[in-house]
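Colleague: Below is a structure I'd like to ask you about.
The numbers here are math on the coordinates, done by the rules we state, and not lab data. Since the structure is predicted, the reported quantities are computational estimates derived from the model, not experimental observations. Positions of Cβ are generated from backbone atoms using ideal geometry, with glycine treated the same way; all protein chains shown enter the neighbour counts.
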Amino acid sequence: MAIDNTISLSLLSLLAVFPAQAVPTFTVTSPAQHASVPSGTVVVQFLAQDFTLSDQGQTHLHYYLDADPVTYHFYNGNTREVFYRD
């Protein structure tokens with residue numbers, strides 16, 4: 001008696017659904033866009049979502065103030081360090 005050692009495979013389609021990566025967002029919450037602010041110290045509040053603020057050499061924010069072409073760097077959401085790159 002001959003033994004049939006062949007294996008019949010059925011094709012199985014798999015659909016893997018992975019959650020979409022969140023896109024980081026940045027929103028200035030105060031002052032309002034196009035607001036007139038007094039001269040002197042102005043507090044700017046913002047909300048960063050799906051983004052981790054870290055120390056120097058890691059993830060951080062770059063931003064410009066008015067017409068100044070040099071960037072400011074905002075590090076570490078805990079200590080709120082701001083550095084001006086001249």
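Colleague: Sorting His73, His60 on the 10 Å Cβ count, fewest up front, what's the list?
Modeller: Details: His73 14, His60 18.
Ascending Cβ contact count within 10 Å gives the list His73, His60.
Colleague: Okay, moving on. Name the residues whose placed amide hydrogens come within less than 5 Å of the amide hydrogen of Glu81, ignoring near sequence neighbours (fewer than 5 apart) on the same chain.
Modeller: For Glu81, the qualifying residues are Tyr75.
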